[in-house]
1. List the residue pairs whose Cβ atoms are under 7 Å apart, where the first residue sits in region 105-134 and is more than 16 Å from Gln77 (Cβ to Cβ), the second is in a loop (DSSP other than H, G, I, E, B) and charged (D, E, K, R), and the two are 6 or more positions apart or on different chains.
2. Take the conditions modelled with pLDDT under 75 and over 20 Å from Leu125 (Cα atoms) and apply them to Arg57. Does it pass?
3. For region 80-99, give me each residue that is touching a strand residue (DSSP E or B) at 6+ places or on another chain (Cβ under 8 Å) and surrounded by fewer than 17 Cβ atoms within 10 Å (Cβ to Cβ).
4. Would you be able to tell me the number of residues in region 194-229 that are at pLDDT 90 or above and either among the small types (Gly, Ala, Ser) or loosely packed, with under 10 Cβ neighbours inside 10 Å (or both)?
5. I want to confirm something. Restricting to region 101-119 and keeping residues that are among the β-branched types (Val, Ile, Thr) and exposed (fewer than 14 other Cβ atoms within 10 Å of the Cβ), which single residue is nearest to Leu210 (Cα to Cα)?
6. What's the number of the only condition in (1) modelled with pLDDT under 85; (2) loosely packed, with under 14 Cβ neighbours inside 10 Å that Gly181 fails to meet?
Amino acid sequence: MTEVTADDNGFGARNPRLEEIGSAAAGIAHDINNQLTLILNHLAMPDLDSARAALRRCTTLTANLLTYCRGERLKMQPVDTVAFLHDFVDGLWLPEGIRLTIDAPEQLPLVRAHRTALTRVLTNLITNACDAMKGRGAIRITATPGVIEVTDSGPGIPYADLRSVFEPFFSTKGPRGTGLGLAIAREIMRQHGGAASAANGPGRGARFTLRFRLHRPPGPGSHQRRKDI
């Protein structure tokens, strides 16, 4: 819990949470300004595909900030991860040098998830993978019961950074990164009652693992029991 102190006038002297939000807003405003400059340049060329890509990055940045500031609570529903992943990939934009594959059986147990929030998590992971591989390489999304893994063929995560990658404002991208994408991913998975973890693959590249609760349909009479309580 964040502790708020008060001065003699009764006003909060310092709120670390507000300071974090202010830092996040400043960083993302800087990034959005850079993307808007790129959009203008691409439209002048014209290069509509690059302009659309920059616009999508702006949308992701603002969505990340809103999620972090609101501390949104998510309403879960049963989700077919196999169907979800195929729909997600169908709507995904990737650089020409990136090859993405899905490794999943035809059917898996349903999980408890929020589709929009899960899309946000996977978009962050895919974007980070593309950045780490500098636009050239392979990404694999693997689905097993209650688990989604995203691996890439990039350089992997430095061992010293593995414990910090999910911390707010930690970034290996320098001025290009806000350090919020993975922090938000971890928070979203926490709200799912699951978890997010990071590791390096057996060869090279990063591996991010998302763990979910399986959907348990209510048994016979469950509605009646809730009514009687």
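1. Matching pairs, first to second residue: Asp131/Lys173.
2. Working: modelled with pLDDT under 75: yes; over 20 Å from Leu125 (Cα atoms): no.
Here the answer is no, as Arg57 does not meet what is asked.
3. Within region 80-99, Val82, His86, Val89, Leu92, Leu94, Gly97, Arg99 meet the criteria.
4. Matching residues across region 194-229 total 8.
5. By that ranking, first place goes to Thr116.
6. Going through the list (1) modelled with pLDDT under 85; (2) loosely packed, with under 14 Cβ neighbours inside 10 Å, Gly181 breaks only (2).
For every residue, the table says whether it meets (1) farther than 20 Å from Arg186 by Cβ; (2) touching a Cys at 6+ places or on another chain (Cβ under 8 Å); (3) in a strand (DSSP E or B).
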{"position": "Pro95", "(1), (2), (3)": "yes, yes, no"}
{"position": "Leu100", "(1), (2), (3)": "yes, no, yes"}
{"position": "Leu108", "(1), (2), (3)": "yes, no, no"}
{"position": "Arg120", "(1), (2), (3)": "no, no, no"}
{"position": "Thr127", "(1), (2), (3)": "no, no, no"}
{"position": "Arg140", "(1), (2), (3)": "yes, no, yes"}
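The values are calculated or read from the model by the stated rules, or taken from the named source; none is laboratory data. This structure is a prediction, so every number in the text was calculated from the model and none was measured. Please note: Cβ atoms are built from the backbone with ideal geometry, for glycine as well, and neighbour counts cover all protein chains shown.
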